[in-house]
1. Within region 41-79, can you find the residues that are modelled with pLDDT of 95 or more, of a type in the set (Gly, Ala, Ser) and closer than 21 Å to Ile4 by Cα?
2. Filter region 53-79 down to the residues that are in contact with a Leu (Cβ under 9 Å, 6 or more places away or on another chain) and polar (S, T, N, Q), then identify the one that is nearest to Thr37 (Cα to Cα).
3. On the given criteria, is Ile158 over 29 Å from Ile78 (Cβ atoms), part of a helix (DSSP H, G or I) and either in contact with a Leu (Cβ under 7 Å, 6 or more places away or on another chain) or of a type in the set (Val, Ile, Thr) (or both)?
4. May I ask you to verify whether Ile163 is of a type in the set (Val, Ile, Thr), more than 30 Å from Gln238 (Cα to Cα), touching a residue at least 12 places away in the same chain (Cβ under 8 Å) and open to solvent by 20 Å² or more (accessible area, probe 1.4 Å)?
5. Search region 248-269 for residues being under 26 Å from Gln60 (Cβ atoms) and without any contact (Cβ under 8 Å) to a residue 40 or more places away in the chain, and hand back the single one that is least open to solvent (accessible area, probe 1.4 Å).
6. Considering only region 210-247, state which residues are open to solvent by less than 30 Å² (accessible area, probe 1.4 Å) and either on the phi > 0 side of the Ramachandran plot or among the small types (Gly, Ala, Ser) (or both).
7. Against the conditions (1) surrounded by fewer than 16 Cβ atoms within 10 Å (Cβ to Cβ); (2) in contact with a Pro (Cβ under 7 Å, 6 or more places away or on another chain), where does Ala188 fall short? Just the number, please.
8. Cβ-Cβ below 6 Å, separation at least six or inter-chain, first residue in region 138-154 and outside any loop (DSSP other than H, G, I, E, B), second surrounded by 15 or more Cβ atoms within 10 Å (Cβ to Cβ) and at pLDDT below 80: which pairs?
Amino acid sequence: MEAIKETDFSFAGQTGFYRGKVRDVYYFDDKIAVVATDRISAFDVVLPRAIPYKGQVLNQIASLNLKATEDIVPNWVIVSPDPNITIGYNCQPFKVEMVIRGYLAGHAWREYKAGKRSVCGVALPEGLRENDKLPQPIITPTTKADAGHDEDISREEILAKGIVSEEDYTKLERYTQALFARGTELAAQQGLILVDTKYEFGKYNGQVYLIDEIHTPDSSRYFYSEGYAERQARLEPQRQLSKEFVRQWLIENGFQGKEGQQIPEMTDNVVHGISERYIELYEVFTGKPFVKQDYSNALERIKEQLTENIFNTKDYNF
């Protein structure tokens, strides 16, 4: 099964390269070119097989959402010349991720279930159940680790350690709340509930920019709106639209990223099934049919688009 597992290009004027869990990043002084590959990760581990069309799905959903929120906060994107490519400003990232939660799910629920009544210094009321809507959205930041796992951190710790200045952090909070409100509106238009998500920010020429991807199934959790209240009343699991199904498959097959555990075999059927789910995510989220890119010359196409566009984006205001 064809997929883009990695790229390994070299360009004139290139100043650096970074391979993340999913993205290959090429640095060019004040710009970066990001290739969304088809790699997939879970529990901070990159799985052995790439998923056809996954990179295209994430890059195109992120592009739509960045465009839909640029009136709230400027973002890093200059141009997206290809379904797998985004070229943008080389921002200096803040060392925190702004996680925001509108519902008690995932990590926050696990902490609550264990008896904790605050997450990242934010108090939670008694009597909540898994997937309940919170009285208001809460920001539960994490550190942005260079290696290893990100960790919960409170607003007070961020300011006390000087990780972000109070002036900048106040901006990040304001942007995060406004972005979540917009994301909630966009999700509702497609019959979805934005449960929780994360935003990353950086600075470019002294100004705060929204960076990375936003509102994708890898960075966000969605519920289907239809039947949400009924399922909550019956204490039933919610229908989710996120990468959670991959994690569940791994857990059911004995893998949670812990030492000594082995990643289960990713057969062609498994890979195809994950690919189809990502395409479904795209179509439900956008309300549009997914147009598959041709894999026959994918790497050549990507290299050509990078070569043509990296040095043809000098007008940053178009």
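The values are calculated or read from the model by the stated rules, or taken from the named source; none is laboratory data. The model shown is predicted, which means the values in this text are computed figures rather than measured ones. Reconstructed Cβ throughout: ideal geometry from the backbone, glycine too, with neighbour counts over all protein chains shown. The area values use the complete protein model at the heavy-atom level, side chains included, leaving out ligands, DNA and RNA. Shrake-Rupley method; radii C 1.70, N 1.55, O 1.52, S 1.80 Å.
1. Ala50, Gly55, Ala62, Ser63
2. Residues of region 53-79 that are in contact with a Leu (Cβ under 9 Å, 6 or more places away or on another chain), as a first pass: 57, 61, 64-66, 68-70, 72-77.
When the remaining residues are screened for being polar (S, T, N, Q), the result is 65, 69, 75.
Numbers: Asn65: 19, Thr69: 24, Asn75: 21 Å.
Applying the filter and picking the extreme gives Asn65.
3. Numbers: over 29 Å from Ile78 (Cβ atoms): yes; part of a helix (DSSP H, G or I): yes; either in contact with a Leu (Cβ under 7 Å, 6 or more places away or on another chain) or of a type in the set (Val, Ile, Thr) (or both): yes.
Yes: the conditions hold for Ile158.
4. On the way: of a type in the set (Val, Ile, Thr): yes; more than 30 Å from Gln238 (Cα to Cα): yes; touching a residue at least 12 places away in the same chain (Cβ under 8 Å): yes; open to solvent by 20 Å² or more (accessible area, probe 1.4 Å): yes.
So Ile163 fits the description; yes.
5. Quick first cut of region 248-269, residues under 26 Å from Gln60 (Cβ atoms) only: 248-250, 266, 268-269.
Remaining after also requiring without any contact (Cβ under 8 Å) to a residue 40 or more places away in the chain: 248-249, 269.
On the way: Gln248: 78, Trp249: 53, Asn269: 131 Å².
For region 248-269, the residue satisfying everything is Trp249.
6. His215, Ser219, Ser220, Gly227, Ser242
7. (2)
8. Close Cβ pairs satisfying both conditions: Thr142/Asp150; Thr143/Asp150.
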